[in-house]
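Reviewing the structure listed below.
The values are calculated or read from the model by the stated rules, or taken from the named source; none is laboratory data. Everything numeric here is computed off the predicted structure, so don't read it as measured data. Neighbour counts run over all protein chains shown; Cβ positions are idealised from the backbone, glycine included. SASA here: full protein model, heavy atoms, side chains in, ligands and nucleic acids out. Shrake-Rupley method; radii C 1.70, N 1.55, O 1.52, S 1.80 Å.
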Amino acid sequence: MILTDVVSLGVALMIPMLWAAYGETLMEKAGVLNVGIEGVMLIGAFSAALGVSTAGSIYVGLGFAIGAGVLCGIVLALLYVRLGTDQIVTGIMFNIFAFGLTTTLAVEFVRATEVTSFPRFEIPGLAEIPFFGEVLFDHNILVYAAFLAAPLVFYVLHRTWYGLYARACSEYPRAAEAAGLDVWHLRYIAVIGGCVLTSIGGVALFASSGGFVSGLTDGRGFIALAIVILARWNPYWIVGASLLFGVSEALQFQADRLGPLGDVPPDILVMIPYIVTILAVVLARASRYPPAVGVPYRPSAKAS
Amino acid sequence: MATRPEPAGVPGVPVDRSEVAARVRGWAPSLLRTLIALVATAAIFSALIAALGVNPADALTAFWEGAAGNTFNFGQTVMIASLLACTGLAAAIPFQARLWNVGGEGQLWFGAFAAVTLALILPDGMPGWLAITITVAGATLAGAFWGFIPGILKATVNANEVITCLMLVFIGIALGNYAISTLFPSESNQTESVPFDRLLPNIWTGTLVTAGALLALGAVLVALTLMSGTSLGFQIRAVGLNRNAARISGMRTGRVIVLAFAIGGAFGGLAGAIAVLGINGAVVAGFSANFGFLGIAVALVARLKPLWIIPSALLFAALRTGSSGLQAQTGISATVGEILVTVLVVLLLALGVIRLRYAEAAQ
């Protein structure tokens, strides 16, 4: 059944972008724009590859990636928040840095191994349902965790004191500070947490591509930036938007079964997700960033 | 943080001594911070090199050897600098309007795609100089088109230019790969070679320096004239300083936004023409070692000033060819060059040496 195959593959392919989009949402909802998302993802994927090469276990890789995510978060928090460097330019520089670092280190340390993914796990009972069973309940653990993370991210942002305070920092940091909040600390937490989630997206990407190559992410982090805008910072909508991009990416792998698409050269099919992204950004024209996103904040209490 | 006083002075009025002193005081910390950034970059890089098992002193020698050790290698540095100067302008001009053209890489690839297509399909009997002219112009226009897309989307539906630019990067690369795999396939991992008489001529015997370097130089002069000698350049800067003020004073900001992007893109497309006609003679898979993105670094270090793009591009080109030398000598991947460049630029940003002018911040 071709539809099942395309959607099922789409679900698998959307997961890296989904994790990255959660991470980006956490950060933007605290007022930090992370254009370096692509680099963080790449470092996450590399760390997973490193864990697999050295310890032979993807779980060690996941651990490495979480650690690397924290490190990236600390560095980026220092730059974006503490030093207040321009977030777009710093992010782009961070991406090139991550590309250089992971490519250089991969030559030295990453070996091809057999273990590259998480074991597939069918949910008993649910996997029997026609269509939805195969599409949703026959994946690896990182996929299920990604879906369960949506309510969790929503809860953190909209039902906890942290989420309320962080959102204040993305709307009107001066007022947040006047209310006694420490804008910098709230943003540090968001950047580090967001980088960990983004880095896990890198692990998911590594797990679904069967090995690490230079520049593995190929724009998926940037697509996640668009997903966040399209979904208007709502974690549930992010799941839906990610599926759109997962499926648009899956089309190229199933093209030979899709009639006329089969005649299109693969190098053209590769463009589909990128074109869809541009269309998405155009269609989401009414979607506005929270006002303080991307603007470094200088607390009046700490002004020098 | 010390702020640099605005250089005062009216033509014909002698500058007050104390004012000169103030200017020196303003510059000195900036110079000091530049030195700190350079030293810190060198330290971080040495540590990384040592961790990879190479003596930093040997690495430095290999680096110098690759960048400027002999005339030939220096020629390579000059050619890479020509590319970086063009992609640097591609970033610098829209940045002056505070538009984030981070798609120089895509404009470069699309320009290269257009260049190889034109050079290979123009009729056989055409004189070489004419074919070259058409190809270079076509690639420049193609780049302008690739810049026009995010520009018009920004001006009309306020689409986020960072995302559209980055997506066009990947589409541009895919088109380049399409030319390699399907349109003009060859034995190796590149397109068919462009006929010899349609390549830019060599201008320095003993090296591979071609007229592409002169094109880059010309591009810098054009950008300089545009930015400091035309009303469009003034409008671009005005939009960058305060978009609302520019609009209220009667400038058509939408038009300025589109033009700034298209002009930036044109320089990126020119870089693609130089790469194809002046360096590789074809579109080679992965020919751009992030040259489009590094153009952003070039533009920042040049503080977005067209003339400063030249030394800035030479510096970053030397870091690139130096890394290739390092790879040849030690086997460390030449991508360490990217680490070196970005660490330096981020430190310069963090220390406040590179500052992007802001209009009133949102708060």
*In whole angstrom, how far apart do the alpha carbon centroids of the stretch A:156-222 and the stretch B:203-276 sit?*
36 Å
*Which whole-Hz ³J(HN,Hα) couplings does the stretch B:341-353 yield from phi under the Karplus relation 6.51 cos²θ - 1.76 cosθ + 1.60, θ = phi - 60°, glycine and proline marked x?*
4, 6, 4, 4, 5, 5, 5, 4, 5, 5, 7, x, 6
*Any residues in the stretch A:63-95 that have 10 Å² or more less accessible area with all protein chains than in their chain alone, probe 1.4 Å, and which are they?*
A:79, A:83, A:85, A:86, A:88, A:89, A:90, A:92, A:93
*asked:* Sorting check: for B:40-50, B:343-353, A:35-45, which peptide has the highest mean count of neighbouring beta carbons within 10 Å, and how do the rest follow?
replied: A:35-45, B:343-353, B:40-50
*asked:* Can you compute the modelled spin-label distance between residue A:152 and residue B:181, with each label point 7 Å from Cα toward Cβ, in nm?
replied: 3.7 nm
*Could you give the size of the charge dipole of the protein assembly as shown about its Cα centre, using +1 on the Cβ of each K and R and -1 on the Cβ of each D and E, expressed in debye and rounded to the nearest 20?*
2620 debye
*Once both axes come from the Cα atoms, what is the angle between helix A:183-209 and the longest principal axis of chain A, in degrees from 0 to 90, rounded to 10?*
10 degrees
*Check each residue of the stretch B:337-355 and keep those whose accessible area, probe 1.4 Å, is at least 40 Å² smaller with all protein chains in place than in the chain alone; give them in order of residue number.*
B:339, B:342, B:346, B:349, B:350
*Looking at the stretch A:166-272, which chymotrypsin sites (Phe, Trp or Tyr not before Pro) are DSSP coil and have at most 13 other C-beta atoms within 10 Å of their C-beta?*
none
*Ignoring any ligand, DNA or RNA, what whole percent of the accessible area of chain B comes from carbon and sulfur when the probe is 1.4 angstrom?*
66 percent
_Just to confirm the number: angle between the C-alpha axis of helix A:235-253 and the first principal axis of chain A, 0 to 90 degrees, nearest 10?_
40 degrees
_Nearest 500 deg cm²/dmol is fine: what mean residue ellipticity at 222 nm does chain B get from its DSSP H runs of n ≥ 4 alone, each adding -39,500 (n - 2.57), divided by its residue count?_
-23000 deg cm²/dmol
*For the protein assembly as shown, with the dipole built from +1 on Lys and Arg beta-carbon atoms and -1 on Asp and Glu ones, taken about the Cα centre, which of B:331, B:109, A:160 lies farthest toward the positive end?*
A:160
*Rolling a 1.4 angstrom probe over the protein heavy atoms, how many square angstrom per residue are accessible across chain A?*
39 Å²
*Return the long-range amide H neighbours of residue B:210 (sequence gap of 5 or more, or a different chain), with a cut-off of under 5 Å between placed amide H atoms.*
B:203
*Relative to the first principal axis of the alpha-carbon coordinates of chain A, what is the inclination of helix A:141-159, with its axis defined by its Cα atoms, in degrees from 0 to 90 and to the nearest 10?*
30 degrees
_Taking R0 as 56 Å, what FRET efficiency do you get between residue B:221 and residue A:129 from their Cβ-Cβ distance, rounded to the nearest 0.05?_
0.25
*So what's the back-of-envelope 222 nm ellipticity for chain A, counting only DSSP H runs of four-plus at -39500 (n - 2.57) apiece and dividing by all residues, rounded to 500?*
-22000 deg cm²/dmol
*With charges only on Cβ, +1 for K and R and -1 for D and E, what is the dipole size of the stretch A:170-304 about its Cα centre, in debye, rounded to 20?*
560 debye
*Per-residue mean of C-beta atoms belonging to partner chains within 10 Å, peptide A:287-296*: 2
*asked:* What does the charge count around residue A:294 come to, taking other residues whose C-beta lies under 11 Å from its C-beta (Lys +1, Arg +1, Asp -1, Glu -1)?
replied: -2
*Could you check the simple spin-label distance between residue B:188 and residue B:61, using points 7 Å along Cα→Cβ, in nm with one decimal?*
3.0 nm
*For residue A:140, enumerate residues with amide H under 5 Å from its amide H, sequence gap 5+ or separate chain, H modeled in the peptide plane.*
A:121
*asked:* Can you find, among B:159, B:60, B:73, the residue sitting farthest towards the positive end of the charge dipole of the protein assembly as shown, where Lys and Arg contribute +1 and Asp and Glu -1 at Cβ?
replied: B:159
*Taking the Cα centre of the stretch B:76-324 as origin and charging only Cβ (+1 Lys, Arg; -1 Asp, Glu), how large is the dipole, in debye to the nearest 20?*
1120 debye
*Contact surface A-B: accessible area buried, both sides summed, square angstrom, 1.4 angstrom probe*: 4000 Å²
*In order through the stretch B:214-228: 3J(HN,Hα) via Karplus (6.51 cos²θ - 1.76 cosθ + 1.60), integer Hz, x for Gly, Pro*: 5, 4, 5, 4, x, 4, 4, 5, 4, 5, 4, 4, 4, 6, 10
*For the stretch B:76-324, rounded, prolate or oblate, judged on the Cα gyration tensor with a ≥ b ≥ c (square roots of eigenvalues), a/c < 1.5 rounded, else prolate if a/b > b/c?*
prolate
*asked:* Taking a ≥ b ≥ c as the square roots of the Cα gyration tensor eigenvalues, with a/c under 1.5 meaning rounded and otherwise prolate when a/b beats b/c, else oblate, which class fits the stretch A:190-279?
replied: oblate
*How much net charge surrounds residue B:191 when only other residues with a Cβ under 14 Å from its Cβ are counted (Lys, Arg +1; Asp, Glu -1)?*
-2
*Kindly write out, for the stretch B:136-142 in residue order, the coupling ³J(HN,Hα) from the Karplus curve 6.51 cos²θ - 1.76 cosθ + 1.60 (θ = phi - 60°), rounded to whole Hz, with x marking Gly and Pro.*
5, 5, x, 5, 5, 4, 4
*Please work out the average accessible area per residue across the stretch B:76-324, using the 1.4 Å probe convention, and give it in Å².*
35 Å²
